[in-house]
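FYI, it's all coordinate maths here, none of it is from the lab. Model, not experiment: these values are computed from the prediction. In this analysis, Cβ positions are derived from the backbone assuming ideal geometry, glycine residues included, and neighbour counts consider all displayed protein chains.
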Amino acid sequence: MESQSFCTFEAAWNHFHSGHAPVSHLMRHAALEHWQRFHSLPKSKRYPESKAEMSRVITRANMMAYATLGREDAWLVTSVFEDDDDCIFEPPGPDIECWLRSQERRQKRRLQRYAMRPTGMSFREEGDDGVFAIYAAPVRWGDLRFVPLLREIAMDAAQSSWLWMSNRTGAIFAPYDGGADLFLPTAAEVVQARARWADWLPASDQ
């Protein structure tokens with residue numbers, strides 16, 4: 001799958017999720033069917049504060065990812081927010097400018113680490129002065145390969161939405177700081193997931 005062209009992602013996405021942006025929070029707001037959220041830590045704790053808690057976050061993420069994606073071909077997808085060219089902003093101060101440069105370098109390293117490429121897809125969220133440009137890479141889930149990214153996501157340091165989509169079923173694993181959203185092909189699979197990880201459900205869903 002690594003040799004496939006990146007336009008294949010757009011075809012796969014539109015086959016399963018036509019009309020929706022591959023951005024996890026936009027998908028949640030669209031109230032898509034077969035969506036379920038799970039938390040990474042007990043009592044809905046948002047951020048890990050120890051090695052043991054981070055280990056639990058990674059373990060849960062791997063369990064959900066393997067159940068959702070298996071070991072088959074999948075897509076890693078992210079969105080990069082790009083300002084409109086005609087937007088005018090106040091020049092940032094030196095501290096803010098330095099921080100922005102460091103953030104851009106980290107994002108560039110993430111894109112290079114997973115060989116992410118622009119797909120040509122972009123989406124605008126109402127009220128934003130820019131667009132979400134979509135990048136994707138063909139992958140297969142692996143326990144160790146994505147640990148650095150999962151850690152950054154868990155600490156809200158990954159800068160943008162990241163998700164994995166099964167190329168065969170369209171099922172989506174979308175981790176965020178605090179847990180993961182699963183978008184599954186059928187309502188029956190949601191029921192199975194809820195039963196399997198009942199202790200990980202948000203309190204309002206239990």
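The distance between label points at Arg140 and Lys45 comes to 3.5 nm (points 7 Å beyond Cα on the Cα→Cβ vector).
Counting neighbouring beta carbons within 10 Å and listing from fewest to most, the residues His15, His34 come out as His15, His34. Computed from backbone phi, the HN-Hα couplings of segment 175-185 come to x, 8, 6, x, x, 8, 9, 10, 10, 10, x Hz, rounded to whole numbers (Karplus: 6.51 cos²θ - 1.76 cosθ + 1.60, θ = phi - 60°; Gly and Pro given as x).
Taking every Cα-Cα distance in segment 7-205 and sorting them into 5 Å bins from zero, the calculated P(r) comes out as 1, 7, 15, 19, 20, 17, 11, 6, 3, 1, 0 percent. For segment 145-172, list residues with backbone N below 19 Å from a point placed 7 Å from the Cα of Ala188 toward its Cβ? Hits in segment 145-172 for Ala188 at 19 Å: 168-172.
Calculated FRET efficiency, His25 to Arg71, Cβ-Cβ distance, R0 = 41 Å: about 0.90 to the nearest 0.05. Evaluating 6.51 cos²θ - 1.76 cosθ + 1.60 at θ = phi - 60° for every residue in segment 47-60, the Karplus couplings come out as 10, x, 10, 8, 4, 5, 5, 5, 4, 5, 4, 5, 4, 5 Hz, glycine and proline recorded as x.
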